[in-house]
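The values are calculated or read from the model by the stated rules, or taken from the named source; none is laboratory data. A quick note: this is a predicted structure, and the numbers were derived from the prediction, not measured. All accessible areas refer to the heavy atoms of the entire protein, side chains included, with ligands and DNA or RNA removed. Shrake-Rupley method; radii C 1.70, N 1.55, O 1.52, S 1.80 Å.
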Amino acid sequence: MRILILTHGAPPLPGKVAVGNALRAWSLGLALEAAGHGVRVMTRVEDVAGVDLHAADLPVITFGEPEELRAVVSSGAADALVVCQWDILGQLPDDLKIPVVADLYAPRMLEAQFQGLNLDAEFVSRIETLSRADFFLCTTQRQRWFYLPWLMMAGVDCRRPPVGVVPLFPLATPEPKGRPPGEPVLVSGGVFWPWQEASPRLLAAAAAIEALGKGRLALYGGAYPLGTDGMKYAAPPDELRSHARVEFKGMLPYDDLMAQYRSATAALNVAEPNSERELSFSFRDIDYLAAGLPIIIGSYCEMARLVEKYDAGWVVDPADTGSLARAIESAFDEPEVVARKSGAATELARKEFNPADSVKPLSDFLASPATRTKRTTLLSAIVHTADGFFRSAERCARDQQQIRELQEKNSDLRLQVVSATEARDESRRRLSDVETKLTSAETKESWAREETARLKSKIVELERAVADRAAIEDRLLRSSDEKNSLHREAGWLRDELKRSESAAKIASDEAARLRHELGRMQEVEAANAAIPGLRAEIEAARGEAARLALETERRQVEIERLRAAVDERDRRLREVQDACENASREKAWTADELKRHEIAAKALCDERDAARRDLAFAQDELKRGEARRRDLEEKARLLDAEVRRRDAEIGTLRPMADELNGLKSLPLYKAYKKILG
């Protein structure tokens with residue numbers, strides 16, 4: 001038979017961390033393959049990124065979207081499906097024609113409570129998905145009892161429950177081990193799930209190891225590799241992380257983890273007791289046994305009974321820290337006890353969790369598989385309607401989240417547009433400042449050139465005036481008045497010359513300043529040369545702003561479309577709510593009608609029972625009358641026979657009586673009677 005196993009997670013390959021879903025899928029697949037079936041495993045494409053699937057022990061195919069999954073399972077490529085993941089079960093086609101096996105290896109409903117999920121939606125979804133399967137697997141008898149009412153609510157006929165107990169079993173053949181040399185090591189592994197609150201017991205174990213003065217506690221665990229940010233965990237406290245005798249190893253690849261287990265002394269699985277722990281069957285316990293590790297285990301666990309039966313470890317009371325300390329002391333100080341219990345752990349794994357025997361209920365079903373007749377009940381109809389309601393609400397929430405994300409993106413784009421606009425305005429302002437400075441520089445340069453030319457012409461005039469005054473001095477030498485006048489004129493001219501020299505110096509300084517300003521003007525001209533680039537940037541910014549505006553308009557249209565879709569979903573949601581209310585009213589009316597019918601039926605049953613009692617009494621009386629009749633008939637027959645016999649005797653005796661009467665009349669008889677008398 002061609003079997004397709006659906007799961008999450010990558011195959012347990014060297015160097016890769018393996019999750020429980022994948023371990024379960026591969027252990028079932030290898031066991032079924034050994035039984036002669038053709039097996040393939042299908043998992044999500046994001047779970048196997050960077051994984052060499054050709055190295056896996058079983059053929060692996062992947063899917064991305066639910067449509068791809070439905071296309072594969074509907075293609076006729078498989079004769080039966082084994083689903084190891086609840087979510088995948090809910091994604092299967094409604095009209096699937098091949099048998100579906102649902103592997104319920106963990107009490108998911110209880111786990112949902114510990115994770116704080118929406119229990120109404122969770123329970124409705126679980127009942128809806130259970131209704132899709134034809135055969136069901138669980139790992140313990142306790143789980144089988146736990147799932148029966150859920151299956152009944154899903155419309156499954158549980159008079160002969162289609163449920164097989166297939167425990168977890170190891171991938172590799174368990175091998176015995178002795179106590180490893182060196183320092184004793186107590187290991188504890190697995191994801192820190194919220195329903196496995198082990199911190200108080202781990203702290204007690206660390207304290208016991210500290211009291212012994214040797215050994216260490218190695219913790220192999222962390223967050224679920226395929227989990228999301230919303231998952232909750234029972235992370236160990238800082239006090240445990242900082243303990244000198246405790247080592248945190250994190251989540252290791254499966255082959256490395258098993259190698260670490262094989263080099264350890266014993267394993268620890270003691271958490272706070274709760275309903276989930278009492279129903280569960282842990283992957284970590286199977287790994288411990290496969291590695292030949294004796295287990296220190298809580299008495300409430302399903303595995304505790306087998307550990308005690310085979311003497312494969314120490315069963316402790318979780319509330320008694322003294323029993324935990326004594327078990328650790330025995331594991332660390334009694335190597336012969338550890339060796340004996342290690343051999344017992346290997347024997348337990350081989351006998352109780354042999355793959356061929358463990359998978360037999362599934363093999364028996366696959367030998368003659370059949371699809372279950374799925375009937376619609378009032379509860380299943382309500383569940384189906386409620387599941388649609390919750391799915392619509394979930395889609396609506398996703399759409400609203402997308403709208404919020406688009407609104408945030410739109411806000412970001414608006415901010416980018418505002419920023420681009422501000423940058424454009426700043427560029428325009430800077431360009432205006434540069435143009436203003438350039439105009440001012442050109443004006444100053446023109447004024448400086450004019451002032452320089454004016455000063456130069458004034459210097460020429462002064463030089464000409466000095467020459468004229470020298471000629472005048474020659475003429476004035478002839479006359480004292482003229483001489484004095486010339487002296488005064490000369491003094492004035494000297495002063496004027498000084499003023500001219502000062503003006504020339506000022507002009508020279510101004511010329512130097514103008515040369516400096518000219519250099520700056522050249523820089524301005526260089527900046528002016530850069531203006532086309534700035535203008536190009538401004539045009540690019542304008543184009544980007546226009547593009548962002550168009551994008552904003554497109555996003556606004558998309559938002560309006562999404563709002564319309566949300567309104568449409570709200571309308572559908574209201575219709576679903578109205579349908580639910582109508583269904584509730586119909587249910588109440590049906591319940592009342594059913595109650596009235598039940599009362600009438602009870603009265604009819606009472607009348608029927610009374611009639612049956614009267615009939616039984618009459619039948620008994622009839623039987624007794626028949627018996628009396630038969631007795632009377634028999635007596636009458638006997639009396640008739642007696643009468644006939646006596647009549648016959650009378651008929652025989654009558655001749656004799658007649659003869660005797662004749663003799664009595666004879667004289668001889670009379671004489672004889674007289675003699676006798």
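Side notes on the structure shown:
- Expressed as a whole percent, the accessible area of the range 97-226 that falls on carbon and sulfur atoms is 57 (1.4 Å probe).
- Rolling a 1.4 Å probe over the heavy atoms of the protein chains gives the range 112-181 an accessible area of 44 Å² per residue.
- Computed with a 1.4 Å probe on the full set of protein chains, the accessible area for SER368 sits at about 90 Å².
- Accessible area in the full protein assembly, largest first, 1.4 Å probe, for ASP357, ASP606: ASP357, ASP606
- Distance from the C-alpha centroid of the range 42-67 to that of the range 186-215: 36 Å, rounded to the whole angstrom.
- Given a 1.4 Å probe and the protein chains as shown, LEU252 ends up with an accessible area of around 50 Å².
- Above-threshold pairs, the threshold being 23 Å between Cα atoms, out of LYS16/LYS341; LYS16/LYS249; LYS16/LYS309: LYS16/LYS341; LYS16/LYS309
- Ordering ASP52, ASP255 by accessible surface, largest first, gives ASP52, ASP255; the 1.4 Å probe counts only protein heavy atoms, with every chain in place.
- Gained length - ASP364 relative to ARG326, 0.36 nm times residue gap less alpha-carbon distance: 9.2 nm
- Largest-first ordering by accessible area, 1.4 Å probe, given options ARG284, ARG216, ARG159: ARG159, ARG216, ARG284
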